Amino acid sequence: MSEITTIEPFTEGFVEALLPELILFTGMLLLILVPNLGKGTFRIPGTQLRLPWLLGGTRFKFSSDPRLPAWIASITLGSAFLNVLYVFSQGLERVLIVSESGKELLLINGFSRIFELIFFGALALAAFSSMNRLQVKGIGSKIPENELYNNRRQADFYILMVTCALGMSVVALAQDLFVLFIGLELASFSTYVLVAFLKESKVGVESGMKYFIVGSVASGVGLYGLSMLYLWAGSLQFSVLAATFAVSGTTALPLIGIGFVLVGFGFKVSAAPFHFAAPDAYAGAMSPVAGVLATASKAMGMLGLVRMLLIVAAPESSDGSAVWLVCLGAMAAVTMTWGNLAALGSDNPKRMLAYSSVAHAGYMLAALTAVGAWNWDAAVAGDASAAAVAVMTALLFHLVVLVAFKLGAFLVLSILESEGGGSRLSSLGGLAKREPLLAVAMFIFMISLAGVPPMAGFLSKLLVIMGIVRVAVGDMGAEISDGGIYALGDHALGLVACLAYGHQLSHFRLLLSSCRRCDVL
Amino acid sequence: MDDWISMPLVGFPLVASIVLLAFVSNANESMRRRLANPIRMATLVFSLVLLVITTGMFFQYFGNVSWEGISFNNYEFLHRYSWMESLGIHWSVGMDALSFPMVWLTTFLLPVTIIATWNEKNGATYFPILLAMGGALIGVFVSLDLFMFYVFWELTLIPMFFLILVWGGADRKYASQKFFIYTFTASVVMLLGLITLYFFQDPVNPLDYAGSMTGRTFDIPTITQHALMENSNGNWYLGANIQKVLFAMLMLGFLVKLPAVPFHTWLPDAHVQAPTGGSMLLAGVMLKMGAYGMFRLPISLFPHALQYFQLALLIIGMVSLVWGAIVCLGQTNLKKMVAYSSVSHMGVILVGIATMQPMGWAAALFMMFAHGIISPMLFAVCGAFKHHYHSMEIGAMRGMAKHSPWLATSMMFAWMASLGLPLLAGFVAEIMMFIALWYFLAAEGWSVFWMVGPALVLAVTAAYYLWSMQRTIFEGGDETQPPSSLHGAPVPDIANPEKLAMLILAFFTIVFGVMPWIALDMMHDWTIQIFEGLILPVLGNFNGGA
């Protein structure tokens, strides 16, 4: 592992280090400028001279194309994605960007770049796939090209996509609570507007309002928690906070602060009981946007939780479990059970996917809980940090493959939506007959979501469960081998894993209706 | 031929079916209809190639392997490729005398199923799915890696799910969901057991084929070897309590698949709704995955726990045996009756295992094999009944012998084979199970009057089979009653492909009934080997022993 290079903003190496973000920034400027290019002129006062300055006026043919913003956004996000990939292939250099007074602002390392891959990949796919879908009449009508929203409205949509990516990548890089919060709010506000983007339809406005109100309350609570942490530690730096936490982390003030922060990020990952806005938001938003909420936005929440819980509030020694262990464990168990059970009862495929996404959140929280349970028997489970690394690897892998099949499922729905269906399970009926390719894709996504081998979803779940079982085994192995299988009851982690896996069956309802009537009868 | 021959057994049918399905997926409706015939021929040829390979293996043409004398935990055609190195996952395949008869059975049933359901609708997609089913089943039997085993175990669900969902009867949606959820939930428990087993391995002594990140392995031969060493040192491998827990977790997955009472309720629903081809493979091979898994994992790894749970298994087996037979008496649906008779016969396997006698285990193995030939014939008869009479009710018609002599003869033969007529394959397994049970009772010092239960079941089995035959085939004399579902159309007999399939199945039922040693020798040898290699060193003087 190479050494960390420390640089100040706008000095040598700054541009190379932050190239993906700068690409996004450039793309955002282009999205503002290019659709406004036209034959506009500027009259020099007091003369008859008109100087063409190309902004406004009658627009050119290319700049009035409704698809132009989508192309710009897709290319921007795509090239940011490729840039990160390229950096990985060249061997990543770890760079820490500090302010002039030496405060750590942004840290570029493999971990943050992996998350950026998730964000950029999901948003690029969503931007590209919503190219022909922003229609005047809202969800569910098939209309020709000239009835797409005009390109100024389109530009709004794609600017929000790009700012969302920018905010998320700031969250990924942040080393300071203030920077973290800025990035979080940039991404959040972008998603609020994206959800409510179909303002002509009642559903869109309603879901946007709900999402905004619940989200801003959660953000406020989270901000309150951050301020408490600041009050207690006297610093916003992660490194300072972590050091202070190790010394006096079990006093009331930081624990309440961490709890409030948990609320803020709990909303982002849509963990129960902060998930109530999620199904409405997913159902009201356009499918690509819902897909972004379920993948990129969720990954951002998980990232925030990892930062706050494992880096700031991590237990210092291996003989005590983390203070938040019980709280997070309970949240994980409730979330996955609730999500899966609620998914069984919903008739709207988007709501079902939303609840399944709640369940997935619970599932990842369980993995995070496992990392927090440090007090295992090292003789049985082996090296503690190796096990933690295994669980974190599994978590990352799960987030990455989630982009593929969760977003994929939403994109299938988005195609159905623009054909006039997609809001009821029954409208998926006979899909195999009408659109064999879509049906096969949907089938693969669904069994992957349900965790059936040999799909990626199985492998990622297996890895997560293996991590949890490993921790649980390390935890209870000694007790069991000494006698008393009742030790199993003390450690519910294994059961939690079972829950997570067994309840994924709801996806089969969706699968079934999409395959129904595919015979000739 | 080199050791790699068992690789194409799995890979070839799976790849071939994916290629065929991809080919069909682009075609439109009329194109599919035209493609059905070439695809049917292609799948038949592919499955015959597999049959030739496995038969060649049996006759020592390929590999020159004698299937007898393979000592415990040794495998022929063993091949291992590294798959996920960090976790110790390998693509490892191999066969011993436990898995080889099952592999042969799968490759034998595949072409027979294709012939028996020659005119199935949507043939262009149906036959490739059958082929995929065969590939997944072979994969279960040849895989020697826990991860790979689980992947194939679940992979068998997908083609079967589609067979029931797309080609099934009126209530197929419910049946396919129930089938999937039951077996999937059970196998999740099994998966947790497998992972727990994985992590309870001792990483201190370096294991062969261990993962670079975890220090543990999924490799079945390595784990079995390790367990054997621990167990025969007088310890319980992994400790007494955890061994019991793991045994129960793994057994749950296998008992649901088998299925044993009280986990059997998915089977009648799945069978009644499944198409004929699906039923044939489901009853013929898929149920045996449960018994195979029991021998391969919990019994080989945890003999102490097997002894501990012996009585529980015996009770479950007895209850399945008796319950399945009694429920059969009350059925009015022909296929449901046959499905419950499968539950009863699987009870025989479980009782054979629970006796812990070499004879009982050989009986269980031979029952797996014999039932794998007889039950497809039963379901082929049911399928023909449904296909030609559009009804499955036993009371729907009388005097079938007059209208449809071929169907009546096949039905009579299959029914007789299933009720255990001497000189047919099923009888051999049943008589062996009785002898083993007698040994067991004598060794335990229990009253031999416990034999009365299973003996009465034979009578009950004969009763329900003969009664249903009497009602459908013979009753009515000259005044026959064609089924009302035909609406007065002339009563047809079965078609030529069906006749051919019936003849093949009947022929092999007789062959393995008259000359059981063809398959029984290697099974008997396998039980000798496992008793010499595992049970005697580990349990020492266990209860009696024949």
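The values are calculated or read from the model by the stated rules, or taken from the named source; none is laboratory data. None of these values were measured; they are calculated from a predicted model. With ideal geometry, Cβ positions are generated from the backbone for all residues, glycine too; neighbour counts draw on all protein chains shown. Surface accessibility is based on the protein's heavy atoms, side chains included, excluding ligands, DNA and RNA. Shrake-Rupley method; radii C 1.70, N 1.55, O 1.52, S 1.80 Å.
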Furthest towards positive pole of dipole, B:SER375, A:LEU125, A:GLY266, structure part the protein assembly as shown, Cβ charges: A:LEU125
Qualifying lysines (Cα of each under 19 Å from Cα of A:LYS61; at least 8 residues distant if same chain): A:LYS39
Inter-label distance for B:TRP467 and A:THR47, nm, one decimal - labels placed 7 Å from Cα along Cα-to-Cβ: 11.1 nm
10 Å Cβ neighbours from other chains, averaged over peptide B:174-181: 2
Positive-end residue, segment B:38-136 charge dipole about Cα centroid, Cβ charges, pick of B:LEU51, B:SER92, B:TYR75: B:LEU51
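Apply 1/(1 + (r/R0)^6) to the Cβ-Cβ distance of B:MET41 and B:LEU423, taking R0 = 35 Å, and write down the FRET efficiency to the nearest 0.05.
Working from the Cβ atoms, E equals 0.45.
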Peptide B:191-200 - average C-beta neighbours from other chains (10 Å radius): 6
Summed side-chain charge close to A:VAL170 - residues other than A:VAL170 whose Cβ falls under 12 Å, Lys, Arg +1, Asp, Glu -1: -4
Point-charge dipole on Cβ atoms (K/R +1, D/E -1) for segment B:309-546, about Cα centre, debye to 20: 440 debye
Exposure of B:SER300 as accessible area (Å², to 10), given a probe of 1.4 Å and all protein chains: 10 Å²
Charge tally in the Cβ shell below 12 Å around A:GLY56, where Lys, Arg are +1 and Asp, Glu are -1, A:GLY56 excluded: +3
Pairwise label distance in nanometres, A:ILE7 with A:PHE88, each label 7 Å out on the Cα-Cβ vector: 2.2 nm
Rounded to whole Å, sorted largest first: equivalent-ellipsoid semi-axes of chain B, Cα gyration tensor: 38, 29, 20
With DNA, RNA and ligands ignored, accessible area of A:ILE44 (1.4 Å probe; Å², nearest 10): 50 Å²
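Starting from 0.36 nm per residue, how many nanometres of slack lie between B:SER30 and B:THR265 once their C-alpha separation is accounted for?
Extra length available between B:SER30 and B:THR265 comes to 80.6 nm.
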Which listed pairs, of B:LYS336/B:LYS499; A:LYS350/B:LYS121; A:LYS461/B:LYS257; A:LYS406/B:LYS335; A:LYS210/B:LYS173; B:LYS121/B:LYS173, have C-alpha distances above 30 Å, in listed order: A:LYS350/B:LYS121; A:LYS406/B:LYS335; A:LYS210/B:LYS173
List B:LEU466, B:LEU441, ordered by accessible area with a 1.4 Å probe, largest first: B:LEU466, B:LEU441
Residue (of B:TYR308, B:HIS390, B:PHE200) at the positive-pole extreme of chain B, dipole from beta-carbon charges: B:HIS390
Cα gyration tensor shape for segment A:44-127, rounded if a/c is under 1.5, else prolate or oblate: oblate
Averaged over B:144-152, number of beta-carbon atoms from partner chains that fall within 10 Å: 2
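Would you mind working out the magnitude of the charge dipole of the protein assembly as shown relative to its Cα centre, with +1 at each Lys and Arg C-beta and -1 at each Asp and Glu C-beta, to the nearest 20 Debye?
Charge dipole of the protein assembly as shown: 3920 debye, to the nearest 20.
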Translational D in µm²/s for segment B:45-85 (Stokes-Einstein at 20 °C, 1.002 mPa s, Kirkwood Rh from C-alpha pairs): 175 µm²/s
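Report the rotationally averaged projected area of segment B:309-546 based on its alpha-carbon convex hull, in square nanometres.
For segment B:309-546, averaging the hull's shadow over all directions gives 13.2 nm².
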Exposure of B:MET229 as accessible area (Å², to 10), given a probe of 1.4 Å and all protein chains: 100 Å²
Alpha-carbon Rg/Rh ratio, for the protein assembly as shown, with Rh computed the Kirkwood way: 1.03
Chain B: relative contact order as a whole-number percent, Cα under 8 Å and 6+ apart: 16 percent
